[in-house]
1. Out of the residues in the stretch 7-50 meeting the condition of being over 23 Å from Q99 (Cβ atoms) and among the hydrophobic types (A, V, I, L, M, F, W, C), tell me which one is surrounded by the fewest Cβ atoms within 10 Å (Cβ to Cβ).
2. So how many residues does the stretch 125-136 have that are outside any strand (DSSP E or B), of a type in the set (D, E, K, R) and either modelled with pLDDT of 95 or more or closer than 8 Å to I4 by Cα (or both)?
3. Out of everything in the stretch 51-68 that is among the aliphatic types (A, V, I, L, M) and outside any helix (DSSP H, G or I), what residue ends up being nearest to V103 (Cα to Cα)?
4. Collect the residues in the stretch 97-119 that are of a type in the set (A, V, I, L, M), in a strand (DSSP E or B) and under 15 Å from C44 (Cβ atoms), keeping them in residue-number order.
5. Take the stretch 124-153 and flag every residue that is surrounded by fewer than 14 Cβ atoms within 10 Å (Cβ to Cβ) and out of contact with any Lys or Arg (no Cβ under 9 Å at 6 or more places or on another chain).
6. On the basis of being modelled with pLDDT of 95 or more, outside any helix (DSSP H, G or I) and not acidic (D, E), does K38 make the cut?
7. What is the number of the single condition among (1) assigned to a loop (DSSP other than H, G, I, E, B); (2) free of Cβ contacts under 8 Å to residues at least 40 places away in the same chain; (3) exposed (fewer than 14 other Cβ atoms within 10 Å of the Cβ) that P86 does not meet?
8. Please work out which residue is farthest from the chain's Cα centre (by Cα), limiting yourself to the stretch 78-99 and to residues that are farther than 25 Å from L147 by Cα and not acidic (D, E).
Amino acid sequence: MLSIGTIAPDFTLPDQNGTPHSLSDYRGQKVILYFYPKDNTAGCTKQACNFGELYPQFREKGARILGVSKDSVASHKRFEEKFGLPFTLLSDEDKTVIQNYDVWKEKKNYGKVSMGVVRTTYLIDESGVIVRAFDKVKAADNPAQMLAELNEPE
């Protein structure tokens, strides 16, 4: 996980429509950058839908939400349409950004060890600095947690 107080590494990734987005495009706005393992799985769906439900409140606070996984643009499009997600999903199929943000880790599931994305959320301020960082987040609780973080004085 990247440290609080460091500049968030810039990147450019395609969204669910194939449109490229760079983190630097969001300078001047707060960004919730969350990494999740896979579209259409139980935890990831709950997390995305909860971000979607709270989306108007995030926008009121001037924050943008960017979800990143290694799923394809087409997979993200289906995920967005199936659940009516109002925010940007970014496809990192080659895992470059996932690795740059140090969220590709060894995971254990039922005794089996494999590599995968550890659910991680960063709050990046208007100048591109990481001000909050959470790893191993609880999918269902993370959106409300991040909204609460936006209410905290820095």
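1. Result: A42.
2. Residues of the stretch 125-136 outside any strand (DSSP E or B): 125-128, 136.
Filter once more, so that each one left must be of a type in the set (D, E, K, R): 125-126, 136.
Subsequent filtering for residues that are either modelled with pLDDT of 95 or more or closer than 8 Å to I4 by Cα (or both) retains 125-126.
So the count comes out to 2.
3. Step one: of the stretch 51-68, the residues among the aliphatic types (A, V, I, L, M) are 54, 63, 65-66, 68.
Pick out the ones that are also outside any helix (DSSP H, G or I) and you get 63, 65-66, 68.
Details: A63: 22, I65: 18, L66: 15, V68: 11 Å.
Step by step, filter the stretch 51-68, then rank; the result is V68.
4. Step one: list which residues in the stretch 97-119 are of a type in the set (A, V, I, L, M), which gives 97-98, 103, 113, 115, 117-118.
Then keep just the ones that are in a strand (DSSP E or B); that gives 113, 115, 117.
Scanning the stretch 97-119 gives a single hit, V117.
5. Answer for the stretch 124-153, where residues must be surrounded by fewer than 14 Cβ atoms within 10 Å (Cβ to Cβ) and out of contact with any Lys or Arg (no Cβ under 9 Å at 6 or more places or on another chain): D141, A148, P153.
6. Numbers: modelled with pLDDT of 95 or more: yes; outside any helix (DSSP H, G or I): yes; not acidic (D, E): yes.
Considered against the rule, which asks whether it is modelled with pLDDT of 95 or more, outside any helix (DSSP H, G or I) and not acidic (D, E), K38 comes out as yes.
7. (3)
8. So, considering only residues that are farther than 25 Å from L147 by Cα and not acidic (D, E), the one farthest from the chain's Cα centre (by Cα) is R78.
The values are calculated or read from the model by the stated rules, or taken from the named source; none is laboratory data. The structure presented is a predicted model; accordingly, all values stated were derived computationally and were not measured. As a convention, Cβ positions derive from the backbone with ideal geometry for all residues, glycine included, and neighbour counts pool all protein chains shown.
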